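The values are calculated or read from the model by the stated rules, or taken from the named source; none is laboratory data. Just so it is clear, the structure is predicted and the values come from calculations on it, not from any experiment. As a convention, Cβ positions derive from the backbone with ideal geometry for all residues, glycine included, and neighbour counts pool all protein chains shown.
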Amino acid sequence: MKTIKSTFIFFPIILLLGLNAFAQEILPEVIISSVRYKYLSAVDNKEMAQPVRLLEHKAASFDVKNSEFYDDEYDEYYISFYLPEGYVLATYDKDGKLLRTAERYKNVALPSAVSQSLVNKYPNWSIPKDVYLVTYEDDKGTATKVWKVLLRQGDKRLRVKVNADGELITKS
């Protein structure tokens, strides 16, 4: 008899606790803001070094209209984003549209297409220094990506420019 009474007492409590586990939780409102996907699709590469991707995403998500610099009198805004590895100089219009960027990064990891191309063309050469340059223009919707690489083999030094596909542009 005692077990039947305890079942009648504990069963509703367990049932109420179980129902709370399946209850819907109301979450705060989510605000979706427009990120400059055209820019990101032109410059972004999943293999790029983390500092490069971080600065490019900062430039893409920057909201000029809500910044302390905004004044509707000006037609263009020049905003700089810096890290020790490099920087992005971005130009926005008064509506917040990203017009163009100029980017420069020093000694970041090369993507596999570029590094494989250099290893194949210059075996037994080391890469002590590299500079990654990106220019983006919204009118064209494309980005120009160039790596300036210093190659070294013993006392020999060679400077080469390589594009994003690993194709040699110039050497000196």
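What tally of residues in the range 90-111 results from selecting those that are farther than 18 Å from TYR39 by Cα and not in a strand (DSSP E or B)?
The total comes to 5.
What are the residue pairs meeting all of these: first residue in the range 63-80, first residue under 20 Å from GLU103 (Cβ atoms), second residue modelled with pLDDT of 85 or more and among the small types (Gly, Ala, Ser), Cβ atoms under 6 Å, and 6 or more apart or on different chains?
VAL64/GLY96; ILE79/ALA90
Any chance you could count how many residues in the range 71-81 are touching a strand residue (DSSP E or B) at 6+ places or on another chain (Cβ under 8 Å) and either surrounded by fewer than 17 Cβ atoms within 10 Å (Cβ to Cβ) or part of a loop (DSSP other than H, G, I, E, B) (or both)?
Going through the range 71-81 one residue at a time, the tally reaches 4.
Could you tell me whether any residue of the range 112-130 is buried (at least 17 other Cβ atoms within 10 Å of the Cβ), in contact with a helix residue (DSSP H, G or I) (Cβ under 8 Å, 6 or more places away or on another chain), closer than 27 Å to ALA60 by Cα and of a type outside the set (Asp, Glu)?
no
On the given criteria, is PHE62 among the aromatic types (Phe, Trp, Tyr) and within 21 Å of SER41 (Cβ to Cβ)?
Judged against the criteria, PHE62 is a match.
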